[in-house]
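Visitor: Next up is a structure, given as structure tokens.
The values are calculated or read from the model by the stated rules, or taken from the named source; none is laboratory data. Keep in mind that what you see is a predicted model, and the values were worked out from it rather than measured. Note: ideal-geometry Cβ built from the backbone for every residue, glycine included; neighbour counts use all protein chains shown. For accessibility, only protein heavy atoms count, side chains too; no ligands or nucleic acids. Shrake-Rupley method; radii C 1.70, N 1.55, O 1.52, S 1.80 Å.
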Amino acid sequence: MERSLSMELVRVTEAAALASARWMGRGLKNEADDAATTAMRNVLNTVPMRGTVVIGEGEMDEAPMLYIGEELGTGTGPEVDIAVDPVEGTAIVASGGWNALAVLAIADRGNLLHAPDMYMDKIAVGPEAVGQVDINAPVIDNLRAVAKAKNKDVEDVVATVLNRPRHEKIIHEIREAGARIKLINEGDVAGAINTAFDFTGVDILFGSGGAPEGVIAAVALKCLGGELQGKLLPQSEEEIERCKKMGVDYRKTLIMEDLVKGDDAIFAASGITDGELLKGVQYKGTYGTTHSLVMRAKSGTVRFIEGRHSLKKKPNLVMK
């Protein structure tokens, strides 16, 4: 992939964030998602690439835009797989909460797992603990491994977990171990990425969330030298058949090379609402500001970008 694509992808997530943030706190999560999806698609079609959506808003009959199999880009440039989540945390935007992101990941054609839309059990860590955790091991063992890798006591480890009834056992085990917990209501892509940045104060992510989001998070962690392991959790015979149809072994423990192959991938995200990692969109009258992150696995480059955007020149971002 061309190095210049990194900055092109930031334009995409910036546009999605600016469009979605108009709906912050208005209780209308579908409208927030639709605005981001439209903006993201419009800008993606200006990017010099031959892209195919492998993780998107759904199948063609479920999503009019950014559907799985949709071809995007100018039709010139590298052939790439595209994974999108125009709003990672629609309910967060609707309530004006913390850590909503517009996210996008690409890799060379054929290198992203075509993850079915179902639950995935996940464990994620930053660079210090790579190779030290095992999704099949007890929670206490993984907490001890991370503590040792980061030269701290278990009591000082912070685990992040989606606040769901299905995670009661994990939460209990973390507390029994004496570690600390940061419960999040949505947004486990942000939760996974935060494990790789020391200033967020997060050491490890546990629990199940969406499988497509697991692949997107894996791309980010590949760029950062971190690690994500996953196990698909089909909830019905229909979901098992879907895995078989897609050629995905739902019984397999998925490691980084299963989730994103090769040595090159790019991840971009822009904050929609404020979070530990990125600031959210702010509107200043005639312009809006964005805070974004873009990373490339091949070079290991990580960039934080602050943008200022004229709102007068972007009438499509103004909510009617």
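Visitor: Based on Cβ point charges of +1 for Lys and Arg and -1 for Asp and Glu, what charge dipole magnitude is obtained for segment 1-135 about its Cα centre, in debye rounded to the nearest 20?
Guide: The dipole magnitude comes to about 500 debye.
Visitor: Considering the alpha-carbon set of the chain alone, what are its Rg and its Dmax in angstrom?
Guide: So, for the chain, Rg and Dmax equal 18.7, 55 Å respectively.
Visitor: Report in % the part of the accessible area of the chain that belongs to carbon and sulfur, leaving out ligands and nucleic acids; probe 1.4 Å. Walk me through the intermediate numbers first.
Guide: Details: 6450 of 13830 Å².
Within the chain, the accessible surface is 47 percent carbon and sulfur.
Visitor: Past 24 Å, Cα to Cα, is the threshold; run Lys182/Lys284; Lys231/Lys261; Lys182/Lys244; Lys279/Lys312 against it and keep the listed order.
Guide: Going by Cα-Cα distance, Lys182/Lys284; Lys182/Lys244 fall outside the 24 Å limit.
Visitor: Nearest 20 debye, what's the magnitude of the dipole of segment 198-315 about its Cα centre given +1 on Lys and Arg Cβ and -1 on Asp and Glu Cβ?
Guide: Charge dipole of segment 198-315: 780 debye, to the nearest 20.
Visitor: Based on the alpha-carbon set only, what is the convex hull volume of segment 14-129 divided per residue, in Å³? Let's see the in-between values first.
Guide: On the way: hull volume 15.0 nm³, N = 116.
Measuring per residue, one finds 129 Å³ for the Cα hull of segment 14-129.
Visitor: For the charge dipole of the chain, defined by +1 on Lys and Arg C-beta atoms and -1 on Asp and Glu C-beta atoms about the Cα centroid, which residue among Ala16, Gly300, Gly89 has the Cα displaced farthest towards the positive pole?
Guide: Of Ala16, Gly300, Gly89, it is Ala16.
Visitor: For segment 1-66, what is the accessible area per residue in Å², given a 1.4 Å probe and the full set of protein chains?
Guide: 44 Å²
Visitor: Here's another thing I want to ask about it. Averaged per residue, what accessible surface does segment 245-290 expose to a 1.4 Å probe, in Å²? Numbers along the way, then the final one.
Guide: Values: 2030 Å² over 46 residues.
On a per-residue basis, segment 245-290 sits at 44 Å².
Visitor: List the longest stretch of the chain that has no exposed loop site; here a site is one of the GluC sites (Glu not before Pro) assigned by DSSP to anything other than H, G, I, E or B, with at most 13 other Cβ within 10 Å.
Guide: For GluC sites (Glu not before Pro) (loop position, at most 13 other Cβ atoms within 10 Å), the longest site-free span of the chain is 63-320.
Visitor: Per residue, how large is the accessible surface of segment 145-231? Use a 1.4 angstrom probe and give square angstrom.
Guide: 37 Å²
Visitor: If you don't mind, another one. What shape does segment 177-233 take by its C-alpha gyration tensor, where a ≥ b ≥ c are the square roots of the eigenvalues and a/c under 1.5 counts as rounded, a/b above b/c as prolate, and the rest as oblate? Kindly include the intermediate steps, with their values, before the conclusion.
Guide: Working: a/c = 1.71, a/b = 1.17, b/c = 1.45.
Note, shape of segment 177-233 comes out oblate.
Visitor: Hey, another quick one. In degrees, nearest 10, range 0 to 90: what is the angle between the Cα axis of helix 211-224 and the longest Cα principal axis of the chain?
Guide: Between the helix axis and the principal axis of the chain, the angle is about 90 degrees.
Visitor: Using only the alpha-carbon atoms of segment 88-142 as identical scatterers, what base-10 log of I(q)/I(0) does the Debye formula give at q = 0.12, 0.20, 0.25 Å⁻¹?
Guide: Evaluating at q = 0.12, 0.20, 0.25 Å⁻¹ gives log10 I(q)/I(0) of -0.53, -1.09, -1.03.
Visitor: Still on this model: Dipole magnitude of the chain about its Cα centre, charges +1 at Lys/Arg Cβ and -1 at Asp/Glu Cβ only, in debye to the nearest 20?
Guide: Once rounded to the nearest 20, the dipole reads 1080 debye.
Visitor: On C-alpha positions alone, give me the angle between the axis of helix 5-20 and the longest principal axis of the chain, in degrees, nearest 10.
Guide: 80 degrees
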